[in-house]
Every structure is written in C-alpha cells, then in structure tokens.
1. With label points built 7 Å along Cα→Cβ from the Cα atoms of A:SER161 and B:VAL78, find their separation and express it in nm.
2. What spacing in nm lies between the two simple spin-label points modelled at A:ILE220 and A:PHE241, each 7 Å away from Cα in the Cβ direction?
3. Please work out the average accessible area per residue across the stretch B:2-61, using the 1.4 Å probe convention, and give it in Å².
4. Report the one residue of A:TYR253, A:VAL31, A:PRO196 whose Cα lies farthest in the direction of the positive end of the charge dipole of the protein assembly as shown (charges on C-beta: Lys and Arg +1, Asp and Glu -1; origin at the Cα centre).
5. Counting only protein heavy atoms and a 1.4 Å probe, tell me what percentage of chain A's accessible area is made up of carbon and sulfur.
6. Starting from the Cα of A:LYS135, draw a straight line to each of the aspartates and glutamates and keep only those under 18 Å, dropping any in the same chain fewer than 8 residues away.
7. Considering every pair of different Cα atoms, what Kirkwood radius, in Å, is found for the stretch B:2-61?
8. Run the numbers on the stretch B:7-37: which residues show a drop of 30 Å² or more in accessible area, chain on its own versus all protein chains together, using a 1.4 Å probe over heavy atoms?
Amino acid sequence: MAQGDTTIDRTALFEFLTRMGDNSLILGHRVSEWCGLSPVLEEDIALANVALDLIGQTQLWLGLAGEVEGKGRTADNLAYLRDAGAFRNLLLVERPNGDFGQTLVRQFLFDAWHFEMLTALKKSTDARVAEIAAKAVKEVAYHLERSSDLIIRLGDGTDESRARMQAALDDQWSYTGEMFLADDADRAVAAAGIAPAPDTLRAAWEKVVKSVLSEATLTIPDGSYAHKGGKRGVHTEHLGFILAQMQFLQRAYPGTTW
Amino acid sequence: MSGKWPLWEVFIRGQHGLNHRHVGSLHAPDAEMAILNARDVYTRRNEGVSIWVVPSAQITASSPSEKGPLFEPANSKVYRHPTFFDIPEEVGHM
C-alpha cells in the first residue's frame with residue numbers, strides 16, 4: 001500500500017466510509033428485528049448486543065463520512081435522510097432474516113469478512129480510519145467467535161438444524177462475491193493506503209469460512225456467480241422496506257428527538 | 001427449546017473484586033456456550049473480568065427444612081465473634 005496520499009479524492013473516501021457505515025447500519029437494523037423474538041432469552045440478548053455494536057460502529061463511520069464530505073451532514077442525517085439509491089451496503093446484509101439459520105449464516109459470512117477488513121484497516125494511513133477499526137475489531141472478533149460457534153453446533157447438530165443451515169448457506173452464498181469486487185472508489189482508497197483492495201481479503205476469508213463450514217459438516221455451494229450492485233446503490237427490494245421502517249419517524253416528524 | 005438445555009449458574013469476578021460472585025443463572029447447550037451467553041447476559045455493563053459457569057445440577061444445596069438444626073445453634077454462641085472479647089490495653093492495636 002502506498003503511503004498517505006493527502007490528495008485522495010474526497011468522493012472516493014466518502015464512498016468508502018459510507019460503505020463501511022451502511023454495512024453495519026443495515027445489518028445492525030436487520031439483527032435488531034429479532035429483539036423480543038429470538039428462540040431463547042439468552043440468544044435474544046446476544047443478538048441485541050451484536051446489533052448495538054454494529055449501530056455504534058455506524059455512528060463512527062457515518063460521522064466521519066459526513067466530516068469528509070464537508071457539507072454539514074451528520075451520521076443521523078446520513079442514516080435517516082438518504083433514499084435507497086444512496087445506500088452503499090452489500091446486498092448480503094439487507095437479505096431478510098428468514099429463520100434463525102438464515103440470520104446466523106448471513107451473520108457468519110459477514111463477520112468473517114468484517115473481521116479481515118477491520119484488521120487490515122487498523123493499518124490504514126488515515127489515522128481516523130485506523131482508530132475506528134481498532135475499536136470495532138474487538139467487537140467483531142467476538143461476533144465472529146459467536147457466529148462460528150453457532151454455525152458449527154447447528155450445522156453438526158440434528159437433521160433438521162443441519163438441513164436449515166445448508167439451505168441458508170445455499171441461499172446466501174451467491175451474495176458473498178460482492179465483498180471482493182473493486183470499483184474506482186475501492187482502487188483509489190487502496191492506492192492511498194487507506195483501505196485494503198477488496199480482493200486481497202478473499203484468501204483469509206475463505207480460509208476461515210471453509211474451516212468453520214467443514215467442521216459444521218456443511219457443503220460450500222458450487223458456482224462463483226455473484227449478485228452485485230449494493231456498493232453502487234443498486235439494491236434488492238428488501239432495502240426499501242428496511243428504510244421505510246427505520247426512517248419513518250424522521251421522515252414523518254423531521255428533526256424530532258427523544 | 002431452552003427447556004431441553006441444562007441450567008447453569010454463573011459466577012463473575014468484578015473489576016475490583018477478588019472473588020467470583022454468583023450473579024444468576026441461564027440456559028445453554030454446553031459449557032462453552034454458557035460462557036458466551038453469560039458474557040452477553042451478565043457483563044453488558046462492564047461488570048466482570050472473569051466468568052465461571054457451573055451446571056446447576058452439580059450444586060448441592062442445604063435444605064430449608066434443616067434450617068433450625070443447621071444454623072440456630074450458632075445464635076447463642078456470641079463468644080464466637082471476635083468482638084466478644086475485651087482486648088487488654090497492653091496489647092495495643094491488633
């Protein structure tokens with residue numbers, strides 16, 4: 001990675017920061033939808049903790065994004081007042097919760113990527129990015145430990161739990177490829193040493209994912225087709241429903257606080 | 001589902017405390033998950049630096065009906081408290 005290029009295009013940096021923030025915001029919101037509905041009390045609290053961790057990270061990423069953009073937008077403005085086309089999250093994180101197995105598989109596939117990404121970002125040439133990553137990676141190390149554990153237990157569990165986990169994996173696998181695709185913004189922040197090039201994370205991600213899935217006796221689906229679009233604002237229909245729920249209050253009562 | 005999971009008693013050593021203290025119980029399929037669940041249920045507000053979990057079934061408790069024979073005899077034995085004895089002046093501060 002090149003050393004700190006201070007002439008880095010602000011648009012590219014803003015783009016990168018909203019991608020990080022939107023991933024944690026949308027997944028955090030999705031996970032929070034389980035609150036009060038989880039299979040057991042212990043799992044309910046654990047999921048709520050994960051959701052809160054992710055939303056806390058969102059405040060940092062989107063806060064910095066607003067600063068970099070320099071138009072006076074706060075993290076709240078970015079979260080609550082953008083339309084779907086301006087969101088930059090991976091399609092994976094907006095996938096519906098489905099059953100508990102689908103939620104867990106989505107979480108695990110994301111956690112494994114998130115952990116590698118944040119670990120690399122700790123060495124970012126941008127000190128603000130490195131600081132956020134250093135704080136977030138501790139939370140995400142725990143998310144990954146927990147989701148890996150559950151994937152193994154439920155994959156290598158009963159016939160029913162195994163079937164549900166395999167179905168969830170088959171369903172979501174084609175949404176993982178987008179994590180490793182690069183566009184101009186990715187290339188610009190990578191060239192400036194601010195973030196790793198997306199495809200450099202793939203080997204480490206695959207290693208973790210393969211080892212956990214094999215211990216869980218689950219089969220990685222064939223095929224390398226990757227759904228993509230989220231990173232440039234082309235989303236599935238699910239994001240609109242998430243935003244309708246998440247943004248309703250600020251849209252209906254602009255500027256309200258409580 | 002949690003009806004099939006065993007119950008675990010959770011002990012946490014606080015930030016400054018020397019001993020693990022009983023904080024409550026929870027359900028988990030095994031010891032490792034019990035630790036993770038205990039982390040999420042009982043240490044959300046930075047309460048601890050160490051966690052023990054013990055299967056509740058492994059705890060042998062005194063029976064409430066034996067309260068009398070077990071504890072009452074100690075009531076009348078005030079001399080078992082160190083404050084019962086007068087310390088001679090010469091001994092000074094102990």
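1. Distance between label points: 5.9 nm.
2. The modelled label-to-label distance comes out at 3.1 nm.
3. Accessible area per residue, the stretch B:2-61: 62 Å².
4. After comparing all options, I get A:TYR253.
5. Carbon and sulfur: 56 percent of the exposed surface of chain A.
6. A:ASP22, A:ASP53, A:ASP111, A:GLU116, A:ASP126, A:GLU145
7. 11.6 Å
8. The answer is B:MET33, B:LEU36, B:ASN37.
The values are calculated or read from the model by the stated rules, or taken from the named source; none is laboratory data. What you see is a predicted model; the values in this text were computed from it and never measured. Counting neighbours? That spans all protein chains shown, and the Cβs are built from the backbone with ideal geometry, glycine included. What goes into the accessible areas is simple: the full protein's heavy atoms, side chains included, and nothing from ligands, DNA or RNA. Shrake-Rupley method; radii C 1.70, N 1.55, O 1.52, S 1.80 Å.
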